Amino acid sequence: FNNQRKEMESAIQIAKTINRTLLVPMAAKHTTWWSKYHYLKYDSLVPMDLLLDFNEMSKYGPKLVAMNTTVFDMERKLLNQKGMLYVKHPKHRVNWKGDEVKENLGDPSITETVLFMKGPSMYHAWFRKPIMFKVREHVVYSPYVRRLAIEYMKRLGTHYNAVHIRLGDYFRHGRFPNPRSFVNGLLTEGFSTDHVLYIATEPKRPKGFFDHFEKTFKVKYASDFGDIVDSFRDNFKPNTINDVLGLIEQMICVGARKFRGTSYSNFSANINYMRTNRESHFPEVPEVRRQIEAKMESDAVKEST
């Protein structure tokens, strides 16, 4: 989903630049390349406005409309109704400046035509970083996703820490992390053995890889809280549960006291970004921590009496 989020950021800026309404397709489970995403059926899709905060994104400028249909059906419907112009990103991944986007996509003669960014074009960078940083401030997860993350936080306590170890990314880069070295690094960084260590995305475990983690820390995974997953399972297709859980786990990591991710991973990179901008991406964290601490104090008083 992090790649889809990046594409969403570019699309918002394009729509703002040429003063267009942005038609947003459904979010999809993880796929290989755009061609497979284009033909996904409903059982692999999730309404984007259930995952992202459309009210917050609209504050940035363009009007957003969630098209809760498959990309294939959306393309066919719009093509029949209004006509369509297929847009490709400029060659060699050269970033267009704002006036160049206007020049190429803002032609008044095509105002009644739908501009369709088909293919791999949206994954490339369309604008320079300072512009994209401004957009990114407004592309936040929905209150619904944040509420689900808060349910996990309440179980983990106020001082939990988190890690994201994406072993597949290490393998692709010809590296394999040493569990003991990784744990020692966490201890050096101040990860307390007295607090819960949440391991995000619960990777497939090579035999014994997480044994040292579990011996050293109070390790928790999403599967330790199956009742929370059950509470939102009915709102999504079975095919998409793990992908939605990934978004929730990102927010769990954003709310952690300390976090360490995988340097190769967009999943970890987005967590680190949101942690440095927590006041806009997860503003509820301070209040949630206060509530948890108040409950712990209240429970301690009850036990003592």
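Here Ser223 passes the criteria (1) touching an Asp or Glu at 6+ places or on another chain (Cβ under 9 Å); (2) buried (at least 16 other Cβ atoms within 10 Å of the Cβ); (3) polar (S, T, N, Q) except the one numbered (2). Among the numbered conditions (1) over 15 Å from the mean Cα position of the chain (by Cα); (2) in a helix (DSSP H, G or I); (3) modelled with pLDDT of 90 or more, the only one that Ser231 does not meet is (3). Within region 1-27, residues that are in contact (Cβ under 8 Å) with a residue 60 or more places away in the chain have Cβ atoms under 7 Å from residues that are of a type in the set (S, T, N, Q) and surrounded by fewer than 18 Cβ atoms within 10 Å (Cβ to Cβ) in these pairs: Asn2/Asn266; Asn3/Asn266, counting only partners at least 6 apart in sequence or on another chain.
Just one of the numbered conditions (1) farther than 18 Å from Lys154 by Cα; (2) of a type in the set (A, V, I, L, M); (3) open to solvent by less than 10 Å² (accessible area, probe 1.4 Å) is not true of Ala269: (3). Identify the residue in region 23-33 that is outside any loop (DSSP other than H, G, I, E, B) and either surrounded by fewer than 18 Cβ atoms within 10 Å (Cβ to Cβ) or small (Gly, Ala, Ser) (or both) and, among all such residues, is modelled with the lowest pLDDT. Only one residue fits best here, namely Trp33.
The values are calculated or read from the model by the stated rules, or taken from the named source; none is laboratory data. Note that the structure is predicted; figures quoted are calculated from it, not measured. Counting neighbours? That spans all protein chains shown, and the Cβs are built from the backbone with ideal geometry, glycine included. Areas reflect the complete protein model, heavy atoms only, side chains present, ligands, DNA and RNA absent. Shrake-Rupley method; radii C 1.70, N 1.55, O 1.52, S 1.80 Å.
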